[in-house]
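Comments concern the structure below.
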Amino acid sequence: MAENILEMKNIVKQFPGVLANDHVTFTVEKGEVHTLLGENGAGKSTLMNILYGLYSPTSGEIWLHGEKVDIHSPRVAIEHGIGMVHQHFMLIPALTVIENVVLGMAQNKQILDLDKAADEIVALAKKYNMKVEPYQMVENLTVGEQQRLEILKALYRGADLLILDEPTAVLTPQEVDELFKMIRLLTSEGHTVIFISHKLNEVMTISNRITVLRGGKSCETVLKGNTDKHQLAKLMVGREIDLQRVEGLPDLGEIVLEMKKVECMSDKGVKALKGLSLEVRKGEILGIAGVDGNGQDEMLECISGLRKVTSGTITIAGTDSTNEHPRNILARGVAHIPADRHKRGMISQMSIKENLMLIDYYKEPFSKNHLLDWKVIEDASKRMVKAFNVKTPSIETMGGSLSGGNQQKMVLARELDRDPEFLIAAHPVRGLDIGATEYVRERLLEERKKGAGILLVSTELEEIMTLSDRIAVIYEGEIMGVVDVYDATVAELGLMMAGSRKVELDATTY
Ligand SMILES: Nc1ncnc2c1ncn2[C@@H]1O[C@H](COP(=O)(O)OP(=O)(O)O)[C@@H](O)[C@H]1O
Ligand SMILES: [Mg+2]
């Protein structure tokens with residue numbers, strides 16, 4: 001048996017009102033890739049932040065190489081050879097690559113020799129088949145490059161136990177392959193990797209062992225060879241689930257959204273959409289795949305009238321809606337499940353019944369002669385809460401005090417109750433547990449069956465591939481191509497997500 005290099009014993013972390021880790025036990029062997037698998041909120045990041053010295057545990061012990069240790073700061077963690085790449089990178093964009101690497105290392109009081117460090121980091125990168133330009137500004141790096149830099153930085157500081165917190169969330173499938181190659185190389189050299197994920201395909205690809213966290217508790221550690229995706233999903237959620245696509249392709253109806261060569265500017269004043277064209281038909285789900293930040297947000301804002309279109313046209317349900325007032329657009333049978341439900345979808349300090357009326361309060365039957373009819377509003381709210389299974393003591397409860405999944409159900413109830421012809425669903429299951437995810441997916445498929453056209457935006461390829469009828473890939477403000485779901489392959493979508501056009505791919509024979 002390999003040596004246990006890390007033992008976390010009975011770790012408890014109590015945040016105000018949240019027991020994030022509940023007597024977690026986690027043991028890692030030298031040279032393995034050990035995955036921490038769990039749904040959103042299961043306590044994975046918390047456990048690793050404790051190991052990295054960012055949080056102190058409420059109780060519990062950490063043992064490294066058979067000795068009990070007290071890791072009260074990241075500096076101590078680094079001294080023990082622990083490195084961590086966070087879910088959200090911690091690089092400073094306005095500094096160069098090499099400045100980011102040495103930043104915070106000057107504690108040994110010696111004069112910093114940037115050129116020497118630059119040579120060392122280039123050599124280190126080369127060893128892992130990577131290229132770095134030490135004097136490049138970090139803001140000019142792609143997300144994938146920034147991630148590799150974070151890993152290099154940890155290695156440069158002597159990490160032999162590397163924690164990667166959801167590293168694939170921001171990568172294209174090809175970049176994921178590259179990352180996995182690097183992980184394999186690291187472990188072949190005797191490094192140990194803790195890999196955090198909730199994506200079962202990846203977990204089955206890269207892990208040696210898998211520990212599942214559920215609701216803050218460690219429920220089981222399994223060998224990859226002794227398990228499968230089905231069992232892992234069940235461990236993660238605590239019951240049987242079925243997230244497979246069941247529906248066949250729909251009969252396509254008329255066009256409900258048509259975007260023609262749409263252009264717009266980003267908040268930073270650069271072109272965010274560069275002649276984007278697409279169509280959504282009634283009865284279909286058109287999925288927009290792409291790495292975050294390629295114009296998805298701006299596209300949705302243009303459609304809903306929240307961002308100025310500088311050229312091109314947007315037609316909704318046959319009516320020109322380019323630069324139309326948002327309320328007029330909603331009145332055209334459009335419903336919107338926004339990406340950021342706290343900013344756009346709901347008002348935390350308002351009651352559930354008020355939140356349910358946010359869009360249509362001024363219309364009959366909720367208002368008559370400019371007066372709200374509270375009886376009608378309350379009856380409708382109770383009906384929606386029941387139909388959408390929003391778990392709440394009453395409709396008077398503040399929206400903000402619901403759990404994330406129930407907030408999303410509330411938004412869904414309001415939007416779907418309007419019987420939309422066209423539904424915009426932006427990251428509709430982001431941050432939800434699998435139970436709520438399943439529910440939201442069912443409701444979307446139900447709307448599609450009723451004949452609504454749905455535009456689904458997500459950065460999770462698996463979600464796009466299991467829900468959509470057609471998939472359009474967005475890259476730097478343009479659509480690289482559209483494929484029917486049954487023809488789609490991860491490889492092809494991945495290449496388009498990295499900027500290849502479908503026509504170019506079709507012309508190439510592999
Ligand atoms: N700094 C914090 N303060 C309060 N609650 C927190 C904090 N960090 C995490 N939590 C809560 O702890 C739980 C576990 O979170 P986290 O460890 O981030 O889960 P995961 O990484 O598995 O998604 C969640 O309910 C989260 O809201
Ligand atoms: Mg996390």
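Over 23 Å from Ile316 (Cα atoms) and open to solvent by 70 Å² or more (accessible area, probe 1.4 Å): does that describe Glu364? Criteria met by Glu364. Checking every residue in region 61-75 against the condition of being aromatic (Phe, Trp, Tyr) and at pLDDT below 95 gives zero matches. Against the test of being in contact (Cβ under 8 Å) with a residue 12 or more places away in the chain, in the same structural domain as Met265 (by TED's automatic domain parsing) and on the phi < 0 side of the Ramachandran plot, the options Leu505, Leu412 yield a single qualifying residue, Leu505. Scanning region 392-404 for residues that are part of a helix (DSSP H, G or I) and either free of Cβ contacts under 8 Å to residues at least 24 places away in the same chain or open to solvent by 70 Å² or more (accessible area, probe 1.4 Å) (or both) turns up at least one hit.
Kindly evaluate Thr58 against the criterion of being of a type in the set (S, T, N, Q), in contact with a strand residue (DSSP E or B) (Cβ under 7 Å, 6 or more places away or on another chain), over 19 Å from Asp165 (Cα atoms) and assigned by TED's automatic domain parsing to the domain that holds Phe89. Answer is yes for this residue.
Contact map, region 157-180: residues that are in contact (Cβ under 8 Å) with a residue 12 or more places away in the chain and acidic (Asp, Glu) paired with residues that are open to solvent by 10 Å² or more (accessible area, probe 1.4 Å) and away from ligand 2 (no atom under 16 Å from the Cβ), Cβ distance under 7 Å, separation 6+ or inter-chain. Pairs shown: Asp160/His191. Elements of the type strands (runs of 3 or more DSSP E) sitting completely within region 1-91 and holding at least 3 residues that are within 16 Å of ligand 1 (Cβ to nearest atom): these cover 4-15, 18-29, 33-37. Exactly one residue among Glu279, Glu298 is in contact with a Cys (Cβ under 8 Å, 6 or more places away or on another chain) and charged (D, E, K, R), and that residue is Glu298.
Summed over region 37-49, the residues that are among the aliphatic types (A, V, I, L, M), surrounded by 24 or more Cβ atoms within 10 Å (Cβ to Cβ) and either near ligand 2 (Cβ under 9 Å from one of its atoms) or over 19 Å from the mean Cα position of the chain (by Cα) (or both) give a count of 2. State which residue is modelled with the lowest pLDDT when the search covers only region 122-136 and only residues that are open to solvent by 40 Å² or more (accessible area, probe 1.4 Å) and of a type outside the set (D, E, K, R). Restricting to residues being open to solvent by 40 Å² or more (accessible area, probe 1.4 Å) and of a type outside the set (D, E, K, R), the top hit is Asn129. Looking at His88, His72, just one residue is free of Cβ contacts under 8 Å to residues at least 24 places away in the same chain, open to solvent by 60 Å² or more (accessible area, probe 1.4 Å), in the same structural domain as Leu155 (by TED's automatic domain parsing) and within 16 Å of ligand 2 (Cβ to nearest atom), and that residue is His88. Taken across region 128-142, residues that are within 30 Å of Ala42 (Cα to Cα) and within 25 Å of the chain's Cα centre (by Cα) do occur, with at least one present. Residues in region 406-438 that are touching an Asp or Glu at 6+ places or on another chain (Cβ under 7 Å) and within 16 Å of Ala339 (Cβ to Cβ): 2 in all. Given the criteria more than 16 Å from ligand 2 (Cβ to nearest atom), within 30 Å of Lys9 (Cα to Cα) and free of Cβ contacts under 8 Å to residues at least 60 places away in the same chain, does Ala77 qualify? Here the answer is yes, as Ala77 does meet what is asked. The residue that is surrounded by the fewest Cβ atoms within 10 Å (Cβ to Cβ), among those in region 464-510 that are closer than 18 Å to Gln296 by Cβ and of a type in the set (Ser, Thr, Tyr), is Tyr475. Against the conditions (1) in a helix (DSSP H, G or I); (2) within 16 Å of ligand 2 (Cβ to nearest atom); (3) not hydrophobic (A, V, I, L, M, F, W, C), Ser218 satisfies every one except (1). For region 222-232, the condition holds for no residue, the condition being that it is open to solvent by 10 Å² or more (accessible area, probe 1.4 Å), within 16 Å of ligand 2 (Cβ to nearest atom) and either within 30 Å of Thr313 (Cβ to Cβ) or modelled with pLDDT under 95 (or both).
Residue by residue, here is whether (1) open to solvent by less than 40 Å² (accessible area, probe 1.4 Å); (2) modelled with pLDDT under 95; (3) assigned by TED's automatic domain parsing to the domain that holds Glu462 holds:
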| position | (1), (2), (3) |
| --- | --- |
| Val138 | yes, yes, no |
| Thr142 | no, yes, no |
| Gln147 | yes, yes, no |
| Leu162 | yes, no, no |
| His191 | yes, no, no |
| Leu200 | yes, yes, no |
| Val203 | yes, yes, no |
| Ile210 | yes, no, no |
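Given the criteria closer than 30 Å to Glu492 by Cβ and at pLDDT below 95, does Gln349 qualify? So Gln349 fails the test. The residues of region 174-189 that are more than 22 Å from Glu29 (Cβ to Cβ) and surrounded by fewer than 19 Cβ atoms within 10 Å (Cβ to Cβ), listed by number, are Gln174, Asp177, Glu178.
The values are calculated or read from the model by the stated rules, or taken from the named source; none is laboratory data. Owing to the predicted nature of the structure, the values given are computational and were not obtained by experimental measurement. FYI the Cβ positions are ideal-geometry reconstructions off the backbone, even for glycines, and counts take in every protein chain you see. Accessible surface is based on the protein model in full, side chains and every heavy atom, while ligands, DNA and RNA are left aside. Shrake-Rupley method; radii C 1.70, N 1.55, O 1.52, S 1.80 Å.
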